[in-house]
Amino acid sequence: MTLIAAASLLTLLFTLCYAGLCAASPFGNCRKCRGFGYALKKDRRGRLKPGKTCRRCRGDRKRIRVGRHLFNVAMRIHRDGTR
């Protein structure tokens, strides 16, 4: 197997796995707050306390995956174009 064929196969495998992940689980944990919904703060004694609500996910803890967002946009364009 040549190097180009192996790279193409690996890229195809990665794309199919990510498409399957986006289909099975369209929402993933927020990358900024890591799924907590707020930033963690430490008080003077070093104990962790909840801080402000995460601005990126607005405290929902989940964000739509990039692949699922692209799929939704493509489906919306297709649906609007075939009406």
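The values are calculated or read from the model by the stated rules, or taken from the named source; none is laboratory data. Keep in mind the model is a prediction, meaning the values are calculated, not measured. Cβ atoms come from the backbone with ideal geometry, glycine included; neighbour counts cover every protein chain shown.
Taking every residue in the range 28-47 that is more than 15 Å from Arg58 (Cα to Cα) and pairing it with any residue that is of a type in the set (D, E, K, R), at least 6 positions away or on another chain, the pairs with Cβ-Cβ distances below 8 Å are Lys41/Lys49; Lys42/Lys49; Asp43/Lys49.
Per the listing Arg47, Arg55, the residue uniquely within 18 Å of the chain's Cα centre (by Cα), charged (D, E, K, R) and at pLDDT below 90 is Arg55. Going residue by residue through the range 66-73, is there one that turns out to be over 16 Å from Asn29 (Cβ atoms) and touching a residue at least 24 places away in the same chain (Cβ under 8 Å)? Looking for residues that are over 16 Å from Asn29 (Cβ atoms) and touching a residue at least 24 places away in the same chain (Cβ under 8 Å), one finds at least one in the range 66-73, hence yes. Taking the range 17-40 as the range and being of a type in the set (A, V, I, L, M) and closer than 15 Å to Arg65 by Cα as the test, the residues that pass are Ala19, Leu21, Ala23, Ala24.
The single condition among (1) touching a Ser or Thr at 6+ places or on another chain (Cβ under 7 Å); (2) modelled with pLDDT of 85 or more that Tyr38 does not satisfy is (2).
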